[in-house]
Amino acid sequence: MTSCPAMILAGGRGMRLGQRDKALCVLGGASLLQHCCTRLSTQCDPLALNANDDLERFSDFDIPVFADSAGDHFGPLAGVLAAMDWAAELGHGDVVTVAVDTPFFPHDLLAKLQAQRAPNTIALAATRDTEGRLWRHPTFGLWPTHLRDDLRAALSAGTRKVTEWADSQGATYVTFKTTPNDPFFNINTPEDLKQAEKLIRV
């Protein structure tokens with residue numbers, strides 16, 4: 001496995017959590033951002049955060065923070081572009097993205113994405129349900145930085161869905177196991193946060 005930089009996507013507004021900042025929500029005594037940093041640090045280096053509005057709220061974290069550059073709250077695809085631009089500036093050919101509201105993502109995320117993609121292409125995480133249907137988790141991906149100008153143009157043209165743009169680039173979907181628990185369980189509501197408290201104790 002070749003290490004590469006990773007950016008945690010936290011640019012959303014947390015509307016279903018009462019507009020609470022998801023990155024700063026506490027789970028098991030630590031913020032969701034801390035959980036993501038801990039899990040990512042064994043796979044990727046360096047780490048950064050994509051967020052919007054007042055970035056000073058993350059001043060206590062030892063991690064660089066980058067706002068969307070493509071427009072105000074264009075969605076996670078704008079965060080992917082911010083990740084690409086940051087990694088390219090550091091001289092890297094790839095960058096990993098993860099969502100801050102999904103703290104149980106796989107410990108082998110980077111390794112599997114690297115192993116199962118074609119060279120210089122996008123690889124995105126997915127799972128299959130009991131009936132074999134594919135469920136895509138496109139904020140968890142490995143992105144070649146050479147595609148950043150194509151993505152910038154797509155955002156300017158109005159593209160907002162991650163899968164729409166990724167599929168247009170021939171993305172590969174890499175499936176991960178969902179047993180004993182779904183590693184892509186994400187926290188959108190207060191009820192989800194309560195469920196995550198149970199999962200973290202397992």
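Summary table below
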| read-out | value |
| --- | --- |
| Any chance T127 is open to solvent by less than 10 Å² (accessible area, probe 1.4 Å) and touching an Asp or Glu at 6+ places or on another chain (Cβ under 8 Å) | yes |
| Test set (1) open to solvent by 10 Å² or more (accessible area, probe 1.4 Å); (2) modelled with pLDDT of 95 or more; (3) under 17 Å from the mean Cα position of the chain (by Cα) - A30 fails condition number | (3) |
| Hits in segment 43-65 - residues which are modelled with pLDDT of 95 or more and not aliphatic (A, V, I, L, M) | Q43, C44, D45, P46, N50, P64 |
| Options A118, A82, A99, A87; residue that is more than 14 Å from the chain's Cα centre (by Cα) and either surrounded by 24 or more Cβ atoms within 10 Å (Cβ to Cβ) or within 21 Å of D182 (Cα to Cα) (or both) | A87 |
| Residue, nearest to the chain's Cα centre (by Cα), within segment 33-61, restricted to residues that are part of a loop (DSSP other than H, G, I, E, B) and over 16 Å from H107 (Cα atoms) | A51 |
| Extreme residue, nearest to the chain's Cα centre (by Cα), among residues of segment 172-188 that are surrounded by fewer than 17 Cβ atoms within 10 Å (Cβ to Cβ) and under 14 Å from P103 (Cα atoms) | F185 |
| Candidates Q195, Q169 - the one that is under 24 Å from G75 (Cα atoms), over 18 Å from the mean Cα position of the chain (by Cα) and open to solvent by 40 Å² or more (accessible area, probe 1.4 Å) | Q169 |
| Answer residue from segment 135-155, given it is open to solvent by 70 Å² or more (accessible area, probe 1.4 Å) and either assigned to a strand (DSSP E or B) or at pLDDT below 95 (or both) and is farthest from G93 (Cα to Cα) among those | W135 |
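The values are calculated or read from the model by the stated rules, or taken from the named source; none is laboratory data. Keep in mind that what you see is a predicted model, and the values were worked out from it rather than measured. FYI the Cβ positions are ideal-geometry reconstructions off the backbone, even for glycines, and counts take in every protein chain you see. Side chains included, ligands, DNA and RNA excluded: accessible areas come from the protein's heavy atoms. Shrake-Rupley method; radii C 1.70, N 1.55, O 1.52, S 1.80 Å.
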